[in-house]
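To keep things clear, I will list the structure first and then write my remarks on it.
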Amino acid sequence: DLTDLRDMMAIKQSIINIFNTKPGEKILNPHLGMDLTHYLFDPVSEQTADLLARTILKGLAVQEPRVEVKQLQVIGDVEYNTYRISFVLQLPNLNTSKVTFSGILTQDGFGA
C-alpha cells in the first residue's frame, strides 16, 4: 500500500515535470516535455482548451506510459488567463482504481 502511494506520487510528479518542461530543455532527454504555456498567449476559449487537451492526451501517451487517461477536462478562465486541467487516470501497473488529479496552468507553469 505504501509503495502504491509513492508510485502514485511519482507518477503525478512526472506529469507535472512533463507539463513544466519545454522540449529541448533537458539535454539528456531533449524530447521530454510539452510547451503548454504557449497556449496562454492565445485567447482563452473552448477551441484553445480543446487544442490544449489534444496536446496533453498525445503527449502523455508518448511520455508517460504508466498512465491511461480515462477523462480529461480543460476549462479556461478568461479573467485570470489560466486553464484548469482535471484528469481521471488509471494506473495499470498499480493495483489502484481510477485516480483524480487536477491543477491550474498559468504563465508560471502547471501546478497541482
So which of Gly103, Gly109 is open to solvent by less than 20 Å² (accessible area, probe 1.4 Å), of a type in the set (Gly, Ala, Ser) and modelled with pLDDT under 95? Gly109
Could you grab the pairs with beta carbons closer than 9 Å, sequence gap of 6+ or different chains, first residue in the range 58-87 and more than 17 Å from Phe110 (Cα to Cα) and free of Cβ contacts under 8 Å to residues at least 24 places away in the same chain, second one part of a strand (DSSP E or B) and of a type in the set (Phe, Trp, Tyr)? Val69/Phe87; Gln71/Phe87
Please verify whether the range 35-50 includes one or more residues that are closer than 15 Å to Lys12 by Cα and touching a strand residue (DSSP E or B) at 6+ places or on another chain (Cβ under 7 Å). no
Suppose we keep only residues that are part of a strand (DSSP E or B) and open to solvent by less than 90 Å² (accessible area, probe 1.4 Å) within the range 72-82. Which one would you say is farthest from Leu40 (Cα to Cα)? Leu72
Could you list, in sequence order, all residues of the range 29-66 that are of a type in the set (S, T, N, Q) and surrounded by 12 or more Cβ atoms within 10 Å (Cβ to Cβ)? Asn29, Thr37, Thr48, Thr55, Gln63
Report yes if some residue within the range 13-28 is at pLDDT 90 or above, in contact with a Lys or Arg (Cβ under 9 Å, 6 or more places away or on another chain) and open to solvent by less than 20 Å² (accessible area, probe 1.4 Å); otherwise report no. no
Tell me whether the range 83-93 contains one or more residues that are over 11 Å from the mean Cα position of the chain (by Cα), not aliphatic (A, V, I, L, M) and not in a strand (DSSP E or B). yes
Which one of the conditions (1) open to solvent by 30 Å² or more (accessible area, probe 1.4 Å); (2) not charged (D, E, K, R); (3) not in a strand (DSSP E or B) does Val69 fail to meet, given that it meets all the rest? (3)
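The values are calculated or read from the model by the stated rules, or taken from the named source; none is laboratory data. As the structure is a prediction and not an experimental result, all values here were calculated from the model. Backbone-built Cβ (ideal geometry, glycine too); neighbour counts: all protein chains shown. Calculation scope for accessible area: heavy atoms of the full protein, side chains included, ligands and nucleic acids excluded. Shrake-Rupley method; radii C 1.70, N 1.55, O 1.52, S 1.80 Å.
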